[in-house]
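Visitor: Handing you a structure now.
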Amino acid sequence: MSDPASDTNPAHPVTAPDAKINHAASLEYWNSVPANAHVMLGMLGQYPWYTRIDLRGSKTFLNKIRRLIPGCPLEGKLPLGADCGAGVGRVTEGLLRHVCTTVDAVEPVAKFTQVLRDSAFAADAVGDIYTLGLEDWYPHKRYDLIWTQFCVGHLTDRQLVDYFVRCRRALTDTGVIVVKENQSTDPRGEDMYDEEDSSVTRTDEKFRVLFKEAGLTVLASELQLGFPKNFRLLPVRFYALRPV
């Protein structure tokens, strides 16, 4: 632990949590996780019930926001979606392929994208797979849905704003960006840095500042419900984002 006195000493300026992010360290961590399509991949804490609750909440939220977008079809599949931070395709398989005709995937860990390529549903539902970090993804298509879940903590604030700007420009007229992320529980209301995977868990306030900076407005936002309280998991929040 650092000396608390140094936090207010000009000779020892406070380092912003996102400035500690190391992309190489993040990739090293995730490359150490088994690429197994049938486990929760460490990123979900190995809780076998987690994915069922998570996906059910995501489906419900998406159904709500489709009703809030003028001209967005309420029935049937959207033409093109993107699963950003796709991992081995857990969200693509469990949610996005059921709501989008085609789903592109963006994921920096090659062994994860290989599992996705080899999956039974890939031929029917998966379009292009980009083995890239979000900071390096420059979409050249127009998407009806860009789903970003449990991955933006590996981007600095500046990189995240730039990513959101690119996503905003890649939306169709009725397109929407959904961000689903853990929320900081820091008692001082600050972002939290995690040394294990070199990532940042942001506050709701920080997210909203970054969205605004990227030219996005929050169409809807709510907490994921249904996780057992005795596990003391971080709160998870949805954001549905549209261009200002």
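The values are calculated or read from the model by the stated rules, or taken from the named source; none is laboratory data. Every value quoted in this text rests on a predicted model; they were computed, and no experiment measured them. Quick reminder, even Gly has a Cβ in these numbers, built from the backbone with ideal geometry, and neighbours come from all protein chains shown. Ligands, DNA and RNA are excluded from the accessible area calculation, which covers all protein heavy atoms including side chains. Shrake-Rupley method; radii C 1.70, N 1.55, O 1.52, S 1.80 Å.
Visitor: Can you tell me the orientation of helix 204-213 relative to the chain, as the angle in degrees between its alpha-carbon axis and the longest Cα principal axis, to the nearest 10?
Guide: 70 degrees
Visitor: Then there is this: Quick one: ranking 118, 54, 136 by accessible area, 1.4 Å probe, largest first, what do you get?
Guide: Largest to smallest exposure gives the sequence 118, 136, 54.
Visitor: Lys and Arg at +1, Asp and Glu at -1: add these up for the other residues within a Cβ distance under 9 Å of residue 61 and post the number.
Guide: On the way: positive: 59, 64, 180; negative: 222.
Net of charged neighbours comes to +2.
Visitor: To the nearest 10 degrees, how steep is helix 157-169 against the longest Cα principal axis of the chain, on a 0 to 90 scale?
Guide: 20 degrees
Visitor: What accessible area per residue, rounded to a whole number of Å², is obtained for the chain using a probe radius of 1.4 Å?
Guide: Per-residue accessible area for the chain comes out at 50 Å².
Visitor: To the nearest 10 Å², what's residue 23's accessible area with a 1.4 Å probe?
Guide: Looks like 60 Å² after rounding.
Visitor: Based on DSSP loop calls and a cut-off of at most 15 other Cβ atoms within 10 Å, the longest stretch of the chain free of exposed chymotrypsin sites (Phe, Trp or Tyr not before Pro) is what?
Guide: Values: sites that count: 49, 121.
Excluding the exposed sites themselves, the longest stretch runs over 122-244.
Visitor: Within region 180-211, find all residues whose amide N lies under 12 Å from a label point positioned 7 Å from the Cα of residue 14 along Cα-to-beta-carbon.
Guide: Only 187-192 fall inside the zone, counting backbone N under 12 Å.
Visitor: About its Cα centre, what dipole magnitude does region 17-243 give when the only charges are +1 on Lys and Arg Cβ and -1 on Asp and Glu Cβ, stated in debye to the nearest 20?
Guide: Charge dipole, region 17-243, about its Cα centre: 860 debye, nearest 20.
Visitor: Given only helices, namely DSSP H runs of n ≥ 4 each adding -39500 (n - 2.57), what is the per-residue ellipticity at 222 nm of the chain, to the nearest 500 deg cm²/dmol?
Guide: Mean residue ellipticity, 222 nm, calculated: -7500 deg cm²/dmol.
Visitor: What does the accessible area of residue 20 come to, in Å² to the nearest 10, when a probe of 1.4 Å is used?
Guide: Answer for residue 20: close to 100 Å² accessible.
Visitor: Another question about this same structure. Of all accessible surface on the chain at a 1.4 Å probe, what whole percent is carbon and sulfur?
Guide: Answer for the chain is 52 percent, counting heavy atoms of protein chains only.
Visitor: Between region 130-152 and region 196-244, how far is it from one alpha carbon centroid to the other, in angstrom?
Guide: That distance is 17 Å.
Visitor: Take the chain, connect every pair of alpha-carbon atoms lying under 10 Å apart with a spring to form a Gaussian network, then pick out the residue of 70, 17, 187 with the largest mean-square fluctuation.
Guide: Of 70, 17, 187, the most mobile in the Gaussian network model is 187.
Visitor: Rounded to whole Å and sorted largest first, what semi-axes of the equivalent ellipsoid does the C-alpha gyration tensor of the chain yield via the square root of 5 times each eigenvalue?
Guide: Equivalent-ellipsoid dimensions as semi-axes: 29, 21, 18 Å.
Visitor: Taking the 0 to 90 degree range and rounding to the nearest ten, how far is the long axis of helix 50-66 tilted relative to the main principal axis of the chain, both from C-alpha atoms?
Guide: 70 degrees
Visitor: Further question on the same structure: For a quick check of understanding: with a 1.4 angstrom probe and all protein chains in place, what accessible area in square angstrom does residue 174 have, to the nearest ten?
Guide: 40 Å²
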